[in-house]
Amino acid sequence: MARKALFIGPRLKRVRRDLGLTQANMAADLEISPSYVALMERNQRPITADLLLRLASTYKIDIASLADDDSEDLAKRLQATLKQPIFADIDLPALDSADIATSYPGFAEALLRLHTAFTEEQMAHAQRREMASTGDPSVTHDPVGEARAFLAARRNCFPALDDHANEVAQELAADRPREESVWTDALVNRLVRKHGQKVRFTDPELILGSLRWHDRHREQVLISNRLDHPGRRFQLAFQIGLLESREVITSQLVDGRFSGENARRLASRALTGYWAAALLMPYRPFLRAARHARHDLETLSRRFAASFEQVAHRLTTLGRPGEEGVPFFFLRIDRAGNVSKRLDGAGFPFARTGGSCPLWHVHSAFEAPGHILPQWLELPEGERFLSIARTVEAGGGSWDSPRATRSVALACAAEHAGHVIYGDDLAQEKATPIGVACRLCHRPHCIARSAPPIGREMRPDDNRDTGVPFAFASD
């Protein structure tokens, strides 16, 4: 099999300058022409294996440091970033961004960090505007909002965590009875053998109502025996993450914009949960399975021995540059419409304002518990999304245990609907016209409206009742 050509122009130039050599000096030492050195430094010629060995031997350089090339991954990250709307009017061919990543890796990394910081600040600013609109002067910052902004600015995708969790998953492979699933025994054995922690499944009353308790003094991990099997596996994986992923998670938090320790802790906890999900559903096997099953959540749930919500959550994380899955948006609400989890991988406009439109099935799912409700959505500007909604339950496990029923929604842009099985039965269905929020929605004939839109003149008419609340001027 032919080997991939090796281009190390920027590194070769740095080596030459660090040694205080001219191109002619290096050419003489390596017995090649100065013009060939110039071509290699501009990445117009690859370096041969013989020349690489000669370079390392002549200047006593570690050959691995010269041959190591992460420019391909950097180029993919750069290309994904340059697809964002802010760069839409700039002609940026993929070949140019690949050249930048190869020739100027420091510049490419600086641009990526700057864009991430900009995105996070934009989201934090939106969060501050939302809080200001409540009229409560005592609210100065929102730790939950900051943690969500941190995740959303990175599209809820952390390849370093996926890679680290995958390494652990491969080590667990010998203890797994099936290729695609990480079972409870393998996780228990990891805690026992690697960390010296006993694992007990016990009555939650003995651990003060907790789902999981790490008793460091007695070196044991106690898990509530009222959890179902996906819940037990997640708690075990989360505990392993706390013990093994601290360093890689800390590295991901370095660039976060947090106003306080609470926001940082919430983000750290979210990343530990991300790592645990990546251990139970490793990135590449899960992506392949999702594509093969056309994102049938029930199929994926059984294949990976995970809950419906865990699978839905994991589907929002498949944004690795060059290995992207369908970009999904995830929302979880209670019966009152309060948002308890929000993950944006699709640019969905509800990412900040919540699921406040009552026409969205995420609200009516409570009327059909346990059933998946697919729906086409159309926003006022004409964007269309495919959405599914279903109830999920937390708690329980015994007759007297408290339970919480919530509704989760998973949505993707219409352009990706062909890859999602739930769109097949909706091919001839009309889209439901919805708005981001009643105050921001200018649809004049919505009978579900709960408030008039901002900036429209009210036109009440005592002589005619259209059944539409808050009649207003439509132009």
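What follows is calculated from the coordinates using simple rules that are stated; it is not laboratory data. Nothing here was measured: the structure is a model prediction, and the numbers come from that model. Glycine gets a Cβ as well: all are built from the backbone with ideal geometry, and neighbour counts include every protein chain shown.
The ellipsoid equivalent to the alpha-carbon distribution of segment 326-435 has semi-axes of 25, 15, 12 angstrom, derived from the gyration tensor eigenvalues as √(5λ) and listed largest first. Ordering Leu114, Leu208, Leu242 by the number of other Cβ atoms within 10 Å of each residue's own Cβ, fewest first, gives Leu208, Leu114, Leu242. Taking the Cα of Glu205, stepping 7 Å toward and past its beta carbon, and measuring to each backbone N in segment 364-398: which are under 17 Å? Residues 396-398 fall inside that zone.
Assuming 0.36 nm per residue, please report the length gained on full extension of the stretch Arg246 to Arg288 beyond their Cα-Cα distance.
Numbers: separation 42, 0.36 × 42 = 15.12 nm, distance 2.81 nm.
Extending this stretch completely gives an extra 12.3 nm.
Quick one: Debye curve from the alpha-carbon atoms of segment 9-69 only, equal weights, vacuum; give me log10 I(q)/I(0) at q = 0.12, 0.15 Å⁻¹ to two decimals. Cα-only, vacuum Debye calculation for segment 9-69: -0.23, -0.37.
A straight chain from Ile421 to Ser364 at 0.36 nm per residue would run longer than the Cα-Cα distance by 18.4 nm.
Could you list Trp399, Trp213, Trp275, Trp360 so that the one with the fewest beta carbons within 10 Å of its beta carbon is first and the one with the most is last? Let's see the in-between values first.
Numbers: Trp399 5, Trp213 20, Trp275 28, Trp360 25.
Fewest to most other Cβ atoms nearby, the residues stand as Trp399, Trp213, Trp360, Trp275.
Within 10 Å of each residue's Cβ, count the other Cβ atoms and sort Lys13, Lys341 from fewest upward.
Least crowded to most crowded, the residues run Lys341, Lys13.
For segment 326-435, a simple Cβ point-charge model (Lys and Arg +1, Asp and Glu -1, everything else neutral) yields a dipole of about 380 debye relative to the Cα centre.
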